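Asks: Please see the structure below; I have some questions.
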Amino acid sequence: MNLEKNQTLIVEIIDLTHEGLGVAKLERYPLFIENALPGEIVEVLIMKLGKKFGFAKVVKYLEKSDKRNDEIEVALLRTGIADLGHLAYPQQLEFKRQQIVNLLKKTSQLASVDVAKTIGMAQPFAYRNKAQIPVRKVDGVLQTGFFRKHSHDLVPIENYYIQDKVIDQIVLKCRDLFRKFNLKAYDEQAKTGLIKNVVVRRGRYSGEVMVVIVSTKPKIFRIDELVHELVAAFPAIKSVMQNIHPFMTNNIFSSEFQILYGQDFITDSLLGNQFKINALSFYQVNTEMAEILYQKAIELANLQVDDVVIDAYCGIGTIGQSIAKCVQHVYGVEIVPEAIINAQENGILNGLNNLTYEVGRAEDILPKWINEGIKPSVFIIDPPRKGLAESFIQASAATSPEKIVYVSCNPATFIRDAALYNQFGYQLKQIIPVDLFPQTKHVELVGLITKKK
Ligand code: SAH
């Protein structure tokens, strides 16, 4: 078949990629199409043709899917804030489960593992407790919004749909104040301007708010007045921080923070415990579903009073402290020093005295603990997207724990790691997907790995 760029043609969508793009096949050549759902017949314009696949965009919907959510704003799809928002919620949940099933099928020794139905939210909107919002000039005016996917073009947004509504309001107030005080938005191309990002966190239960203003330079003219107005409008703000970030990196923060108002943390509760959270700490963005996720992890761990638990990748200690009362001891390891300081403070806040924390890489600290004679009976691990280091898998299996409960935000690395555990005498028993990120393509799951009998 001869295809050309800028050609239009009519295709049927037969699948969705794990990125949420519609797939059409021309003979065997796949075309990936944004905002197109299986079953739909669409007229598309070919944008890009590669050797193995191409990209096209919809010009006209000839037949729409009855699973389409038509209410979603296209800008939210385009920016990736809600890149599955056009798919009805029950189908989103099935899409996430199916992705795990498909990946398992590719790994012969795991192909028959049971994957539960994805646990979803009753109200799958306005759930995010954190927003990281770029500030840029668009058509001569300072705006807050989100970047269009694969670009740094800012799309101005006022209703972010999946964020806590109070966070949306605070972002808009910041935008209005930046305008009022005539502050210059950062310009990536010219490398000029002052205000890069605004980051807002709000405790789901406490309502406490932290605002971080990320600027290229330390000096922000009349910042005291600006902060005063901001806090007057939202008294729940307990912390306003400035992060000074003159560099051109994709990291949102540099290491240089200063307090502009109040304290450098907020507190929220999770499964009844209190947690101090600072700007750099990882904290699950969907508190309500994180509680369900952790509860499932706890159920799978089926803990006993004499259990010695390793909470690897522990962040500020949320999972380990949720179970500490039911077990003998919890050892937590985490790479971000600030998070470990929070974890230690949180242990005191929660009246727990059977916790030990260390800063470092899980794959380095675990062998050290083993050398010191610690004998873990259960592991609860929650690594970032890249998954576990092979040395960690080997070392943890060598300690011969009864169970390994693995929380993952990336099914691909999870399955890779589970297959490795298989080689070391363990077997993946069960997977429960929990929807921490409704309206987006992101998948979260908890899996149980046990010693082979
Ligand atoms: N269990 C926590 C945090 C999970 S996120 C919670 O549910 O809140 C993953 C955490 O792993 C992050 O806090 C990150 O800083 C940390 N991390 C990343 N690489 C690491 C490594 N090699 N060793 C230990 N911790 C690491």
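The values are calculated or read from the model by the stated rules, or taken from the named source; none is laboratory data. Remember, predicted model here, so these are calculated numbers, not experimental data. Positions of Cβ are generated from backbone atoms using ideal geometry, with glycine treated the same way; all protein chains shown enter the neighbour counts. Surface accessibility is based on the protein's heavy atoms, side chains included, excluding ligands, DNA and RNA. Shrake-Rupley method; radii C 1.70, N 1.55, O 1.52, S 1.80 Å.
Residues are listed down the side, and each one gets a yes or a no for (1) under 20 Å from Gly272 (Cα atoms); (2) of a type in the set (A, V, I, L, M, F, W, C); (3) open to solvent by 10 Å² or more (accessible area, probe 1.4 Å):
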residue	(1), (2), (3)
Tyr331	no, no, yes
Asn346	yes, no, no
Gly351	yes, no, yes
Val359	no, yes, yes
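Asks: While we're on this one: Within region 332-347, is even one residue over 28 Å from Gln263 (Cα atoms), without any contact (Cβ under 8 Å) to a residue 40 or more places away in the chain and part of a loop (DSSP other than H, G, I, E, B)?
Replies: no
Asks: Residues that are at pLDDT 95 or above, open to solvent by 40 Å² or more (accessible area, probe 1.4 Å) and either over 27 Å from Pro438 (Cα atoms) or assigned to a loop (DSSP other than H, G, I, E, B) (or both): does region 17-24 have at least one?
Replies: No, that holds for no residue.
Asks: Would you say Asp364 is without any contact (Cβ under 8 Å) to a residue 24 or more places away in the chain, within 15 Å of the ligand (Cβ to nearest atom) and not hydrophobic (A, V, I, L, M, F, W, C)?
Replies: yes
Asks: What are the residue pairs meeting all of these: first residue in region 390-418, first residue in contact (Cβ under 8 Å) with a residue 40 or more places away in the chain and farther than 13 Å from Gln430 by Cβ, second residue of a type in the set (A, V, I, L, M, F, W, C) and open to solvent by 20 Å² or more (accessible area, probe 1.4 Å), Cβ atoms under 8 Å, and 6 or more apart or on different chains?
Replies: So the pair list comes out as Pro411/Leu103; Ala412/Leu103; Ile415/Leu103.
Asks: While we're here: For region 382-415, which positions are assigned to a helix (DSSP H, G or I) and within 14 Å of the ligand (Cβ to nearest atom)?
Replies: Passing the criteria: Glu390, Ser391, Phe392, Ile393, Ala395, Ser396, Thr413, Phe414.
Asks: Given the options Val434, Val407, name the one that is open to solvent by less than 10 Å² (accessible area, probe 1.4 Å) and over 30 Å from Arg68 (Cβ atoms).
Replies: Val407
Asks: Give the residues of region 294-326 that are within 14 Å of the ligand (Cβ to nearest atom), open to solvent by less than 30 Å² (accessible area, probe 1.4 Å) and among the β-branched types (Val, Ile, Thr), sorted by residue number.
Replies: Once the filter is applied, which keeps residues that are within 14 Å of the ligand (Cβ to nearest atom), open to solvent by less than 30 Å² (accessible area, probe 1.4 Å) and among the β-branched types (Val, Ile, Thr), region 294-326 yields Val309, Ile310, Ile316, Thr318, Ile319, Ile323.
Asks: Given (1) free of Cβ contacts under 8 Å to residues at least 40 places away in the same chain; (2) in contact with a strand residue (DSSP E or B) (Cβ under 6 Å, 6 or more places away or on another chain), identify the lone condition not met by His152.
Replies: It is condition (2) that His152 fails.
Asks: Considering only region 348-358, state which residues are assigned to a helix (DSSP H, G or I) and within 12 Å of the ligand (Cβ to nearest atom).
Replies: none
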